[in-house]
Amino acid sequence: MPGLVPLYEEREASVFAHYNWTEWTSLHWRERAAVVAHYRTHRQIELHHSDVVARETRRRAPKNP
């Protein structure tokens, strides 16, 4: 369904899945949607991981008196 995913996010998902743009545009829209969903899930996990690392770093930092 064209237009539902921003172009920059489609391009990021295609790079994430190791497709060049020509290959990407030749995929069926359902396959592209599945790759975008996988990319979004992966990105969300990365953000949660970064958040946990930042919290743990702050927790372990020496306290100022």
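The numbers here are math on the coordinates, done by the rules we state, and not lab data. A quick note: this is a predicted structure, and the numbers were derived from the prediction, not measured. Methodologically, a virtual Cβ is constructed for each residue, glycine included, from the backbone with ideal geometry; neighbour enumeration extends over all protein chains shown.
For the reader, a short list of remarks on this structure follows.
- Qualifying residue in region 43-58 (condition: under 16 Å from Pro6 (Cα atoms) and either among the small types (Gly, Ala, Ser) or surrounded by 10 or more Cβ atoms within 10 Å (Cβ to Cβ) (or both)): yes
- Annotation: Glu12 fulfils all but one of (1) free of Cβ contacts under 8 Å to residues at least 24 places away in the same chain; (2) surrounded by 10 or more Cβ atoms within 10 Å (Cβ to Cβ); the unmet one is (1).
- Hey, His49 without any contact (Cβ under 8 Å) to a residue 60 or more places away in the chain, in a loop (DSSP other than H, G, I, E, B) and out of contact with any helix residue (DSSP H, G or I) (no Cβ under 8 Å at 6 or more places or on another chain) or not: no
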